[in-house]
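See structure below.
The values are calculated or read from the model by the stated rules, or taken from the named source; none is laboratory data. Only a predicted model underlies this, so the values are computations on that prediction, with no experimental measurement involved. When we count neighbours, we look across all protein chains shown, and the Cβ atoms used for this are built from the backbone with ideal geometry, even at glycine.
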Amino acid sequence: MSKINLLQAEALKAPVTKVEPVKSQASNPATAKPASAKAAATKSSIAKTSVTLPVSKISATKATPKKAEKTVKPAKEKTPKLKMERDSFTMPKAEYAQFYVLKDRLVKLGQPAKKSELIRAGIMQLSAMTDAALKAATSKVPTIKTGRPNKK
């Protein structure tokens, strides 16, 4: 959640209205082609009055329907994109089967997870252990031959 100051909070609460700029045909009459003579007369009278009237009176004379006020969402803070690292590893089938047991348990608990999330959770738990507990946990894991198996 982003932190905003009081001025920004009040600006977010204030209603948002869109102000359309008045376009004058006097600036470039060659490019403007009105659809009818009545429209041409109306537009030319607006153009003439825009020169003499203040801006507040021009907006009052121009009849525009009010649109529904839109709420402005606060901008989300951009978090820096994390760089990912891909790796492969070898493990015994019995330990690999534990992924599916743990995934089923988590689904029953209403918290489904992927294999990579389980590995990351395990690493978080190992990182939180004391040195003695970490040494005891890793001593229970048997060392296996690394590398890919031979092709048959």
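Taken together, the criteria place residue 100 among residues that are farther than 22 Å from residue 148 by Cβ, in the same structural domain as residue 149 (by TED's automatic domain parsing) and aromatic (Phe, Trp, Tyr). For segment 69-93, the tally of residues that are acidic (Asp, Glu), touching a residue at least 12 places away in the same chain (Cβ under 8 Å) and exposed (fewer than 10 other Cβ atoms within 10 Å of the Cβ) stands at 1.
Apart from one condition, residue 42 fits all of (1) over 30 Å from residue 146 (Cα atoms); (2) part of a loop (DSSP other than H, G, I, E, B); (3) modelled with pLDDT under 90; the exception is (2).
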